[in-house]
Amino acid sequence: RFVHADTLGMTVDGVAQRPDGTDQALVQLFFKTNEAGEELFRLEFLQPEEMAGEVFVTNPEGTFLWNPDLVTPLKVSTRQEVFGDASVAETAGIRFANGDYAVAGRQDVEGGLEVTLEATDPGVAFQTAAVVVDPETLQPQRMRLFALGGEPINDVAFEAYADLDGDAYAARQQIASRFVEGNQTLLTITNIEARPLDDALFDHTQLGGE
């Protein structure tokens, strides 16, 4: 996520390709930086019908899942898959500039400059990321995400950028699994707007009681 707004809402269309077929989903994402500077995130499924009402919330206490089959919210990892190969962390947007990562290396590669980033916090979902950026705009073009043990997890290609109030954002990204050949997930932002959001929207203790 590259838009510099304290509050943001967007609608995302997801298409997950698998060897045995294709799944589709429509989700709403909400982002907020509160007065304490804490990053808040919420994801709501709108479609398919069997997933409608499922919610993920990330706040300073962790990441929580709620759906109508649960009595209380369930605390999960940011590596938890949300749809297809997209995890909570990837859907929320991996933030490289907030101190979670430090630059470990740079090298010229085909198509741009590759920057290797290592997590400064062991709780970060992806401990290493190799990001290829455009040498002129510094916009990420693609990246590879690695697990704690160094195994590659996903390859992400930023296929299209768009603009909101002068800020660029990745409007379409393709996520390819490094574990299962042929597994790919396409995420396309179909609507985005900066608008006020109440802190209660990101309070996991209120899930299920709305």
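Determine, yes or no, whether Gln139 is open to solvent by 60 Å² or more (accessible area, probe 1.4 Å) and of a type outside the set (Lys, Arg). It is false that Gln139 is open to solvent by 60 Å² or more (accessible area, probe 1.4 Å) and of a type outside the set (Lys, Arg).
Condition check for Asp6 on (1) surrounded by fewer than 14 Cβ atoms within 10 Å (Cβ to Cβ); (2) in contact with a helix residue (DSSP H, G or I) (Cβ under 8 Å, 6 or more places away or on another chain); (3) under 20 Å from Glu193 (Cβ atoms): one failure, at (2).
Restricting attention to region 184-200, the residues that are open to solvent by 30 Å² or more (accessible area, probe 1.4 Å), within 23 Å of Pro140 (Cα to Cα) and of a type in the set (A, V, I, L, M) add up to 3. When Ala194, Ala200 are checked against the criterion of being in contact with a Gly (Cβ under 9 Å, 6 or more places away or on another chain), closer than 26 Å to Val57 by Cβ and either free of Cβ contacts under 8 Å to residues at least 60 places away in the same chain or of a type in the set (Gly, Ala, Ser) (or both), Ala194 stands alone in meeting it.
Of the listed requirements (1) open to solvent by 40 Å² or more (accessible area, probe 1.4 Å); (2) closer than 26 Å to Thr58 by Cα; (3) free of Cβ contacts under 8 Å to residues at least 60 places away in the same chain, Glu181 misses just one: (2). Scanning region 49-66 for residues that are open to solvent by 30 Å² or more (accessible area, probe 1.4 Å), touching a strand residue (DSSP E or B) at 6+ places or on another chain (Cβ under 7 Å), free of Cβ contacts under 8 Å to residues at least 60 places away in the same chain and not small (Gly, Ala, Ser) yields Met51, Glu54. Taking (1) farther than 21 Å from Val76 by Cα; (2) of a type in the set (Val, Ile, Thr); (3) within 16 Å of the chain's Cα centre (by Cα) in turn, Val124 satisfies each apart from (1).
The values are calculated or read from the model by the stated rules, or taken from the named source; none is laboratory data. Because the structure is predicted, anything quoted here is derived from the model rather than measured. So basically every Cβ, Gly included, is an ideal-geometry build from the backbone, and we count neighbours across all protein chains shown. Side chains included, ligands, DNA and RNA excluded: accessible areas come from the protein's heavy atoms. Shrake-Rupley method; radii C 1.70, N 1.55, O 1.52, S 1.80 Å.
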